[in-house]
Amino acid sequence: MAIRTLTLRLRVDPIACDAFGYCAELLPELIALDEWGYPVVADLEVPPHLVDLARRAVRDCPRRALHLEKVPGRTR
Amino acid sequence: MIGLAAGGPPRPGAPGGPSGSVPATTAVVDDAPRTDAAPTRLLRAWYRTGRADLAAHESVHGTLPLPGRHDHGWPGRLVELVHSSGLAGRGGAGFPSARKLDAARVARPGPILAVNAMEGEPASAKDQVLLAHAPHLVLDGAQLVAAAVGASGIVLCMAHERLPGSLGVQAALDERRAAHVDARAVEIVGPPGRYISGEESALVSWLGGGFARPTFRASKATPLTIRRRPVLVHNAETLAHVALIARHGVPWFRAVGPPDSPGTCLVTVSGTVRLPGVQEIALGTPIASVIGDADPVAEVQAVLVGGYGGTWVPAGLLPTPFAPASLRAIGADTGAGVLVALPRAACGLVETARLATYLAAEGAGQCGPCLHGLPAIAADLTSLAHGYGDGDVLARLQHRMGAVDGRGACRHPDGAVRLVRSALRVFADDVTRHAAGHPCPGRAHSPVLAPAGHAGREEHRWRYGP
């Protein structure tokens, strides 16, 4: 049976972000830093085992620039 | 610099128009007034009469077809008309105009209509020319759209620096007030005229009392608002087309241009041409013939299409029709209707490096990848163009473009990257020669694209201008 799901994705507000880099330290599996120290977020669904870490990265951003968004996932 | 001042006739032949006759009154617009086949729709009253006043406008286009007081079906019919016409926005993004109207119609409270004539693109003059020569067509379109969506007010946004030139528009508004043409008042406002201050979210931010800088939206579907009131932003030329569609209907509008992007559009031609300025063309006209109409004075090696954040198109591809689908197929798009002809004797890399430097400085300075990345890209390209780049410069440039593309709150960095990527592709032979340190005779050529200096980034400048 096809189930419509919501998946979690990370998104950076590039205006708010000031390159503190905590997110990349907390979640290197999904976030890398560019040569200027700004996060490059993998355009991937946050896998279940990383969701808690992702939430922590969102919470710990000093600029409140990281967002965890629910987006419609694939039908499976 | 664009040769055409906003006060002069857009093409030789006016006033009086090539036909030489001033019709007493007609609301029917045919499409063959000039000696060549190019259609004149937007600038028709100007070509016919040499005047831009209300009487000239109404003698050629007829009166404004506003709905009767109890005609409740009219808003839906107008939106349906725009939908069937296939009109796409003429400001640069090319978004289907009817989709914006659909969203605005159901918005509560009623939206503010912002007429975008900011024209921050330095190589474009079309909106200034349109407002100077056919202000009533733009204002008609604004009234129609405002009535269709139940707008609470209309603001006409022109760059602060150009407000002295808005006297013609002000006079047009005075004429309309005296003649009781309009159902809604129009206010002219002047945000700082920076490269990106006409970007939709920047404009709305300024109108709401903030800075004329782009803002971050959770998704593109999130409506732009001022204190919860939605703002509908339409380019000035788009509204002028709406004014014509409302009068003449869909078959008339679609009689010109390809089925998937019908109608005419204004283009601003500059560079190595004898007749720089604004032309009205049928969408789908080959780039080569538009450049040909402007009379090139030297062999053209490439044309910058769209704007500063646009795409270089090499001489071999100039037969490409100027229309969204055809341009997309060669990696370009219509943008703001800019065409700049680069002479063979100039150096495309040096020209592009100058533009990249300008674009880097004209960012809002808000997003890290753009703030740091664009100056780095401009510096890499400048060192490459002038033959003092190290061995890694090309690889570094490519890497940095990948690191910047798509990572801003607005599309500014994407435009800069698109420009530089197209330069590396189109001027590939030059890249090889410059990277090897060979001298380039084009370096000494006088600048074809010479953007003016930019103002600083201090916050007050984004509110009040330089």
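No lab work stands behind these numbers, since they all come straight from the coordinates. Remember, predicted model here, so these are calculated numbers, not experimental data. Cβ coordinates were reconstructed from backbone atoms using ideal geometry, including for glycine residues, and neighbour counts include every protein chain displayed.
Hey, what angle do you get for helix B:167-178 against the long axis of chain B, alpha-carbon based, 0 to 90 degrees rounded to 10?
Value to nearest ten degrees: 20.
Take A:K70, B:K126 and order them by how many other Cβ atoms sit within 10 Å, fewest up front.
So the ranking, lowest neighbour count to highest, is A:K70, B:K126.
Could you tell me the relative contact order of the range B:224-317? Use alpha-carbon pairs under 8 Å, at least six residues apart, and round to a whole percent.
16
In the neighborhood of B:L101, defined by Cβ-to-Cβ distances under 14 Å, what is the net charge if each Lys or Arg adds +1 and each Asp or Glu adds -1? Spell out each step's value before the answer.
Details: positive: B:R77, B:R99, B:K100, B:R105; negative: B:E80, B:D102.
Net local charge, B:L101 excluded: +2.
Just from the alpha-carbon atoms, what are the Rg and Dmax of the range B:95-254 in angstroms?
Every Cα atom of the range B:95-254 included, Rg and Dmax give 15.0, 45 Å.
Ratio of Rg to Rh for the range B:348-449, alpha carbon only, Kirkwood?
0.96
Please report, to two decimal places, log10 I(q)/I(0) for chain B at q = 0.09, 0.10, 0.11 Å⁻¹ as given by the Debye formula with identical point scatterers on the Cα atoms and no solvent.
-0.58, -0.72, -0.87
What are the residues whose amide H is under 5 Å from the amide H of B:G120, where those residues sit 5 or more places off or on another chain and H is modelled from the backbone?
B:G198
Amide H of A:L33: which non-local residues (sequence gap of 5 or more, or other chain) have their own amide H closer than 5 Å, using H built in the peptide plane?
Amide H neighbours of A:L33: A:V40.
Quick check: residue separation of B:R108 and B:A221 times 0.36 nm, minus the Cα distance between them. What number comes out in nm?
39.1 nm
Write down the percent of antiparallel bridges among all DSSP beta bridges whose residues are both part of chain B, to the nearest 5.
DSSP beta bridges in chain B are roughly 50 percent antiparallel.
What do you get for the angle between helix B:412-426 and the principal long axis of chain B? Use alpha-carbon atoms, 0 to 90 degrees, nearest ten.
It works out to around 60 degrees.
Can you pull the percent of Cα pairs in the range A:6-72 with separation above 19 Å?
Of all Cα-Cα distances in the range A:6-72, 20 percent exceed 19 Å.
Note down the nm distance, to one decimal, between modelled labels 7 Å out along Cα→Cβ at B:H83 and at A:K70.
3.0
Starting with the fewest neighbours, write out B:E237, B:E58 ranked by other beta-carbon atoms found within 10 Å of each beta-carbon.
B:E58, B:E237
Taking Cα centroids, how far is the range B:258-327 from the range B:387-466 in Å?
Centre-to-centre (Cα) distance: 22 Å.
Would you please state which residues of the range B:218-244 a label at B:A185 would reach in this model, taking the label point 7 Å out along Cα→Cβ and a backbone N cut-off of under 19 Å?
none
Suppose each label sits 7 Å from its Cα in the direction of the beta carbon; what would the B:Q170-B:F95 distance come out to in nanometres?
For B:Q170 paired with B:F95, the spin-label model returns 3.1 nm.
Which whole-number percentage describes the relative contact order of the range A:6-72, with Cα contacts under 8 Å and a sequence gap of 6 or more?
50
In whole angstrom, how far apart do the alpha carbon centroids of the range B:69-107 and the range B:170-229 sit?
Computed from Cα coordinates, the inter-centre distance equals 18 Å.
Calculate log10 I(q)/I(0) of the protein assembly as shown for q = 0.06, 0.08 Å⁻¹, where I(q) comes from the Debye formula with a single equal point scatterer on each Cα and nothing for solvent.
Values, matching the q order: -0.31, -0.56.
Assuming R0 = 45 Å, can you tell me the calculated FRET efficiency for the pair A:E29 and B:D414, based on Cβ-Cβ distance, to the nearest 0.05?
For A:E29 and B:D414, the calculated efficiency is 0.95.
What residues have an amide H closer than 5 Å to that of B:T264, excluding those fewer than 5 places away on the same chain, when H is modeled at 1.01 Å from N in the peptide plane?
Amide H neighbours of B:T264, under 5 Å, 5+ apart: B:L283.
Would you mind putting B:297-303, B:276-282 in packing order, based on average other-beta-carbon counts within 10 Å, highest first?
Packing order, densest peptide first, comes out as B:276-282, B:297-303.
Report for the range B:95-254 the percent antiparallel among DSSP-assigned beta bridges with both residues inside it, nearest 5.
Taking every DSSP beta bridge within the range B:95-254, about 10 percent pair in antiparallel fashion.
Got a sec to turn the phi values of the range B:202-214 into Karplus ³J(HN,Hα) couplings, 6.51 cos²θ - 1.76 cosθ + 1.60 with θ = phi - 60°, whole Hz, x for Gly and Pro?
5, 5, 5, 4, 5, 4, x, x, x, 8, 7, 10, x
Round to the nearest 10 and give me the degree value, 0 to 90, for the angle of helix A:51-60's Cα axis relative to the longest principal axis of chain A.
30
Using 10 Å bins from zero, what percent of all Cα-Cα pairs in the range B:264-342 falls into each bin?
22, 62, 16
Does a label point 7 Å from the Cα of B:R328, set along Cα-to-beta-carbon, have any residues of the range B:259-273 with amide nitrogen under 15 Å, and which are they?
Taking a point 7 Å out along Cα→Cβ of B:R328, the residues of the range B:259-273 whose backbone N falls under 15 Å are B:259-262.
Test of understanding: ordering B:L163, B:L449 by Cβ neighbours within 10 Å, fewest first, what list do you get? All intermediate terms of the calculation are to be shown ahead of the outcome.
Working: B:L163 15, B:L449 20.
Ascending Cβ contact count within 10 Å gives the list B:L163, B:L449.
B:H445 to B:D295: FRET efficiency via 1/(1 + (r/R0)^6), r the Cβ-Cβ distance, R0 22 Å, to the nearest 0.05?
Given R0 = 22 Å and the Cβ-Cβ separation, E is 0.65.
Express as a percent, rounded to the nearest 5, the fraction of DSSP beta bridges in the protein assembly as shown (both residues included) that run antiparallel.
Here the antiparallel bridges make up roughly 60 percent for the protein assembly as shown.
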